[in-house]
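Down below is the structure, laid out as structure tokens.
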Amino acid sequence: MARVQLKDISKSYENGSYAVKDINFEVEDKEFVVLVGPSGCGKSTILRMIAGLEEISSGELFIEDKKVNEISPKDRNIAMVFQNYALYPHMTVYENMAFGLKLRKFSKEETKKRVTEAAKILELEPYLQRKPKALSGGQRQRVAVGRAIVRKPKVFLFDEPLSNLDAKMRVQMRTEISRLHKQLEATMIYVTHDQTEAMTMGNKIVVLKDGIINQISTPLDLYNFPANKFVAGFIGSPAMNFLRGKIVEDNGLKFRSEKSTLSIGIPANQIKKLNTYLNKDVYLGIRPEDIYDETNYQQISAYEELKVELDLVEPMGNEIYLYFLIEGVQFIGRIPARVIPKQGSTKNLFFDVSKVHFFDDKTEAAIR
Ligand code: ADP
């Protein structure tokens, strides 16, 4: 059972600053967990502490129910794949993949068996005698993954492994790593700043900001029930729109923006909680895909109509992004591509009232 547990783990530096604080999460056997957050939020620090490359300042780390804080990296039975691949340029693909086994004094036969097996899984067989410089970025990344696979580690760690690849190769490697996860039935922990990678690959996602876990959940749950304004804005692309306003009583409970441009009736299932916010400031959040136009608003049962001026119109092929301001705040709507509206024109848009989110003005926690 290759389970990994982090209990109250913190990393601090001599100057008193923290890279991460009170980190608690579990990675179950065979689970694929993604750590995601903006640059500097502490993702790599957590991964490096699990690998043993970084000392743990406080807290406990368990691998297979054994405390490993003091165990050296090479004895943790973990393999890490780095962003820059870290391949040896003077060695062939075969030698690069075999190197770790050679260090561990594996026999020639066993080494050959394992490298051949990994090369087959990763479709690297035709390249085994090449040097890394004669490979594409995607192939180099596969060699780096191969080097991890041959060791048959209990846990695989990936640190932004796809960052150096072009967009097309990234999408391809994303599915390859997911396939590999199923095929190897391995426990994997994957770090990325890219929310799309996190959403498409993770069984479970840990969202970090400023060294603190903001939410741990499944991709769908994060999307539908973000714990706070940060998670709501970070997960989903284009990002959720936010507008500040008050909860007021006006023929029923309503959200009213600061300058009264937008007024939205509170959906029945949210009334109980938002009653406690009467006359208080909140943020309203609505995702671009929950804004409709005249061609498709019939699909929604409860909406709020608003006339807006389109600052920018971006046709994406299958859909159109509309940019407009509400009380000086930039909003994006995402509508089906039929007739492309003109930049600068006015347009009636329809906000799906059942899909709005509310956040506490001070703590920014979701109100629900
Ligand atoms: P991420 O991988 O999410 O980009 P890191 O784990 O690399 O973030 O870094 C987390 C934080 O720790 C950053 O704010 C970084 O500035 C800080 N940090 C890293 N090393 C040191 C150090 N030696 N002294 C002080 N702060 C550091």
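The values are calculated or read from the model by the stated rules, or taken from the named source; none is laboratory data. Note that the structure is predicted; figures quoted are calculated from it, not measured. Here Cβ is always computed from backbone atoms with ideal geometry, including for glycine, and neighbour counts include all displayed protein chains. Just the protein is used for accessible areas: all its heavy atoms, side chains included, with ligands, DNA and RNA removed. Shrake-Rupley method; radii C 1.70, N 1.55, O 1.52, S 1.80 Å.
Could you give the length gained by full extension between Ser136 and Tyr88, i.e. 0.36 nm per residue of separation minus their alpha carbon distance, to one decimal place?
Extra length available between Ser136 and Tyr88 comes to 15.8 nm.
Cut-off 10 angstrom, C-alpha nodes, Gaussian network model of the chain. Which of His357, His90, His193 fluctuates the most?
His90
Relative to the longest principal Cα axis of the chain, at what angle does helix 167-184 sit, 0 to 90 degrees, rounded to 10?
Computed tilt is about 60 degrees.
May I ask you to compute the full-extension gain from Thr276 to Ile326, defined as 0.36 nm times their residue separation minus their alpha-carbon distance, rounded to one decimal in nm?
Contour length minus Cα-Cα distance gives 15.4 nm.
Looking at the range 218-290 from every direction and averaging, what is the projected area of its Cα convex hull in nm²?
Details: hull surface 21.2 nm².
Mean orientational projected area (the range 218-290, Cα hull): 5.3 nm².
Do you know the relative contact order of the chain, to the nearest whole percent, from alpha carbon pairs under 8 angstrom that are 6+ apart?
Worked out over the chain, it gives 15 percent.
State to the nearest 20 debye the size of the charge dipole of the chain about its Cα centre, where the only charges are +1 on K and R beta carbons and -1 on D and E beta carbons.
The calculated dipole for the chain is roughly 1440 debye.
So how much slack lies between Leu184 and Lys113, counting 0.36 nm per residue of separation and subtracting their Cα-Cα distance, in nm?
Result: 23.9 nm gained on full extension.
Rounded to the nearest 500, what is the chain's calculated 222 nm mean residue ellipticity when only DSSP H runs of at least 4 contribute -39500 (n - 2.57) each, over all residues?
One gets -7500 deg cm²/dmol as the mean residue ellipticity at 222 nm.
Given labels modelled 7 Å from the Cα in the Cβ direction, how far is it in nm from Lys74 to Ile340?
So the label points at Lys74 and Ile340 sit 6.0 nm apart.
Calculate, for Glu26 and Asn269, the FRET efficiency according to 1/(1 + (r/R0)^6) with r their C-beta to C-beta distance and R0 30 Å; round to the nearest 0.05.
For R0 = 30 Å, the calculated efficiency reads 0.45.
Any idea what the relative contact order of the range 241-355 is, in percent, if you count C-alpha pairs under 8 Å spaced at least 6 apart?
In percent, rounded to a whole number, it is 28.
Report, in degrees rounded to the nearest 10, the 0 to 90 angle that the Cα long axis of helix 108-121 makes with the longest principal axis of the chain.
Taking the Cα atoms of the chain, the angle to 108-121 is about 30 degrees.
Looking at the range 320-363, which trypsin sites (Lys or Arg not before Pro) are in a loop (DSSP not H, G, I, E or B) and have at most 12 other Cβ atoms within 10 Å? Could the numbers behind the result be given before it?
Numbers: sites: Arg334, Arg338, Lys342, Lys347, Lys355, Lys362; in loops: Arg338, Lys342, Lys362.
Those that pass, being in a loop and sparsely packed, are Arg338, Lys342, Lys362.
Accessible area per residue, 1.4 Å probe, Å², for the range 125-257: what's the number?
41
So which GluC sites (Glu not before Pro) in the range 168-275 pass both tests, a DSSP loop state and at most 10 other Cβ atoms within 10 Å of the Cβ? Could you put the intermediate results ahead of the total?
Numbers: sites: Glu176, Glu185, Glu197, Glu249, Glu258; in loops: Glu185, Glu258.
Qualifying residues, ordered by number: Glu185.
Taking the convex hull of the alpha carbon atoms in the chain, what volume per residue do you get, in Å³?
178
Highest GNM mean-square fluctuation, the chain, Cα pairs closer than 10 Å: which of Ala186, Ala51, Ala86?
Ala86
Sort the range 274-368 into rounded, prolate or oblate with this rule: let a ≥ b ≥ c be the square roots of the eigenvalues of the Cα gyration tensor; rounded if a/c is under 1.5, and if a/c is not under 1.5, prolate when a/b is larger than b/c, oblate otherwise.
prolate
If I take R0 = 22 Å and measure r between the Cβ atoms of Glu289 and Lys362 in this structure, what FRET efficiency does the formula 1/(1 + (r/R0)^6) give, to the nearest 0.05?
Calculated transfer efficiency: 0.20.
Does the range 92-186 come out rounded, prolate or oblate by the C-alpha gyration tensor, with a ≥ b ≥ c the root eigenvalues, rounded set by a/c under 1.5 and, if not, prolate when a/b is larger than b/c and oblate if not?
oblate
Which percent of the accessible heavy-atom area of the range 51-203 goes to carbon and sulfur, probe 1.4 angstrom? The partial results should precede the final answer.
Values: 3910 of 7730 Å².
Solvent-exposed carbon and sulfur of the range 51-203 make up 51 percent of the total.
Please list, by residue number, every one of the trypsin sites (Lys or Arg not before Pro) in the range 90-149 that is coil in DSSP and has at most 11 other beta-carbon atoms within 10 Å.
Values: sites: Lys102, Arg104, Lys105, Lys108, Lys112, Lys113, Arg114, Lys120, Arg130, Lys133, Arg140, Arg142, Arg147; in loops: Arg104, Lys105, Arg130.
Here the sparse-neighbourhood loop sites are Arg104, Lys105.
Roughly how tilted is helix 93-103, in degrees to the nearest 10 and between 0 and 90, from the longest Cα axis of the chain?
The two axes meet at around 70 degrees.
Determine Rg/Rh for the range 1-151; Rg is computed over alpha-carbon atoms and Rh is the Kirkwood hydrodynamic estimate from the same atoms. Working shown, then result.
Values: Rg = 17.5 Å, Rh = 17.1 Å.
Over the Cα atoms of the range 1-151, Rg/Rh equals 1.02.
For the range 118-203, what is the relative contact order in percent, using Cα pairs closer than 8 Å and at least 6 residues apart in sequence?
In percent, rounded to a whole number, it is 29.
Under 10 Å, Cα contacts only: if you run a Gaussian network model on the chain, which one of Tyr283, Tyr292, Tyr13 comes out with the highest mean-square fluctuation?
Tyr13
Could you tell me which of rounded, prolate or oblate describes the range 24-74, using a ≥ b ≥ c as the square roots of the eigenvalues of the alpha-carbon gyration tensor, with rounded for a/c under 1.5 and, failing that, prolate when a/b is larger than b/c and oblate otherwise?
Since a/c reaches 1.5 but b/c is at least a/b, the shape of the range 24-74 is classed as oblate.
In the range 3-31, whose amide N lies under 19 Å from the spot 7 Å out along Cα-to-Cβ of Lys67? List them in ranges.
Counting backbone N atoms under 19 Å from the label point, the list is 3-12, 22-27.
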